[in-house]
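Nothing in this text is a laboratory measurement; each read-out follows from the coordinates by a stated rule. Given the structure is predicted, the values throughout are model-derived calculations rather than measurements. Cβ: placed from backbone, ideal geometry, glycine included. Neighbour counts: every protein chain shown.
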């Protein structure tokens, strides 16, 4: 399961990066975030799956409104 990143975490990491020298640990964390985002955007990633679920639901609702199934 992929952990969501909060706005506060992004702000905290950004402030830390801007106010200090970037350490090896911070670089590792940034690589993890990058990988998480890349995975979400992959063909079978969570972003695509969520978009597919959304469009399916919209089609279902449109179909019900107009009396047919898609």
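Some observations on this one:
- Residue within the range 24-42 that is in contact (Cβ under 8 Å) with a residue 12 or more places away in the chain, outside any helix (DSSP H, G or I) and surrounded by 10 or more Cβ atoms within 10 Å (Cβ to Cβ) present: no
- All positions within the range 43-70 that are in contact with a helix residue (DSSP H, G or I) (Cβ under 8 Å, 6 or more places away or on another chain), farther than 19 Å from residue 2 by Cα and surrounded by 12 or more Cβ atoms within 10 Å (Cβ to Cβ): none
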